[in-house]
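Nothing in this text is a laboratory measurement; each read-out follows from the coordinates by a stated rule. Because the structure is predicted, anything quoted here is derived from the model rather than measured. Note that we place each Cβ from the backbone using ideal geometry, even for glycine, and neighbour counts take in every protein chain shown.
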Amino acid sequence: MARNFDVVAMGNAIVDVFAPVDDGFLLTHKIAKGVMTLIDEYRANQLYHAFGERVEAAGGSAANTMAGLVSLGARGMFIGKVKADRLGEAFAASLLAGGIHYATRPADDGPPTACSLIAVAPDGQRSMNTHLGASRELSPEDIDEADIGSAEILYIEGYLWDSEVSKAASQKAIAIARQAGTKVAFTLSDPFCVGRYREDFLALVENDLDILFANEDEAKALFEVEEFDAVLQRFGQWGRIAALTRSAKGCVVVGGGEVHVIDAAPVARVVDTTGAGDQFAAGFLFGLVRGKPLSKSGRLGALAAAEVISHYGARPETSLEALAAKAGLL
């Protein structure tokens with residue numbers, strides 16, 4: 001089968017609503033700092049109106065990663081569910097304008113398009129309050145065998161496990177990928193997500209994945225260990241590729257008997273950490289599909305993450321391809 005796409009990604013189709021806040025706002029509105037919290041439609045409306053200055057942008061973890069991949073010059077496709085409403089139309093238009101192939105049929109009824117109310121603190125920490133809405137309706141019927149088989153890599157976000165029907169869609173896509181020779185990459189998404197579905201994620205690691213993305217806290221939660229060295233030991237035994245991010249400490253890439261410790265790319269000022277992990281995945285996946293060694297793929301990931309944390313929003317504002325070329329990484 002022809003590989004028409006470098007990466008096809010599956011995830012929650014979400015419109016992000018960003019607002020700068022102080023720590024007092026987080027306390028007043030009982031927002032857990034630095035994590036993603038699932039909320040209902042009533043709470044979403046409440047926070048939306050409580051936000052003062054706000055910016056809307058198409059988001060969702062895997063969709064953000066696709067935006068980064070396209071910025072690097074890759075061919076990308078996104079699979080995720082919206083409703084045929086104002087936010088759903090805006091989400092689809094944003095992806096298509098960004099050069100991302102998107103053809104998932106919108107829902108005609110049911111809950112509204114998903115949104116994430118992202119409170120950004122002065123230290124750059126982001127607190128995501130997410131109403132999953134129509135994104136939970138992504139089903140096995142939305143998965144096309146030809147789409148999955150047409151990609152070098154299938155990339156899935158762990159957040160899809162928050163809906164049984166979306167989990168089933170992911171499992172169908174993984175089965176198709178294994179049959180088609182498409183590599184399977186997965187991101188653990190969030191330490192609390194790992195806590196909810198740890199046994200499922202361990203089974204995926206054991207049986208289905210070729211590439212795993214995790215930050216330090218997520219990886220520790222997966223293996224229920226307190227030291228990062230214990231995480232490295234487990235992934236060293238795994239034998240496949242694990243890309244582990246450590247915020248300002250950079251990242252560690254483990255795979256094929258190799259361990260690469262890579263410094264974080266320099267940033268003049270951290271403005272908003274939203275999307276750092278998503279863009280790291282974009283850079284790393286781009287390196288893999290272009291045949292780069294693991295060390296250079298890790299540096300591409302660090303470069304993409306550094307760009308996105310230097311401004312508000314979870315997607316690149318500067319051409320990552322140009323930045324990578326300037327850094328000698330292409």
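Structural remarks
- Label-point separation, GLU56 to TYR42 (7 Å along Cα→Cβ), nm: 2.4
- Summarising the amide proton neighbourhood of ILE14: residues at separation of 5 or more, or on other chains, whose placed amide H is nearer than 5 Å comprise GLY59, GLY60.
- Cross-link pairs beyond the 29 Å C-alpha cut-off, checked among LYS33/LYS249; LYS83/LYS172; LYS249/LYS292; LYS167/LYS220; LYS81/LYS220; LYS167/LYS326: LYS81/LYS220; LYS167/LYS326
- Alpha-carbon centroid distance for the pair segment 273-313 / segment 152-205, whole angstrom: 20
- Inter-centroid distance (Cα atoms) of segment 102-117 relative to segment 1-31, Å: 14
- Normalised by the number of residues in the chain, the mean separation of alpha-carbon contacts (under 8 Å, six or more apart) gives a relative contact order of 18 percent.
- Residues THR273, THR182, THR65, THR28 arranged by fewest to most Cβ contacts within 10 Å: THR28, THR273, THR182, THR65
- Among (i) 15.3; (ii) 22.1; (iii) 19.2, the entry that matches mean projected area of the Cα convex hull in nm² as calculated here: (i)
- Assigned charges on the beta-carbon of Lys, Arg, Asp, Glu; the chain dipole about Cα centre (debye): 720
- Exposed loop sites are taken as GluC sites (Glu not before Pro) in a DSSP loop (any state but H, G, I, E or B) with at most 13 other beta carbon atoms within 10 Å; the longest stretch of the chain without one runs 54-223.
- Farthest toward positive dipole pole in the chain [+1 Lys/Arg, -1 Asp/Glu at C-beta], among LEU117, PHE51, PRO293: PRO293
- With the convex hull constructed from alpha-carbon coordinates only, segment 152-270 shows a mean projected area of 8.1 nm² over all directions.
- Interchain or long-range residues, amide H under 5 Å from TYR155's placed H: VAL8, ALA9, MET10, ALA185
- Backbone phi angles across segment 141-158, fed through the Karplus curve with coefficients 6.51, -1.76 and 1.60 (θ = phi - 60°), yield HN-Hα couplings of 5, 7, 9, 9, 4, 5, 4, 5, x, 8, 10, 5, 9, 9, 10, 10, 8, x Hz in residue order; Gly and Pro are listed as x.
- Under 5 Å between amide hydrogens, built in the peptide plane, is the criterion, and for ILE39 it picks out THR130, HIS131, LEU132 among residues at least 5 positions away or on other chains.
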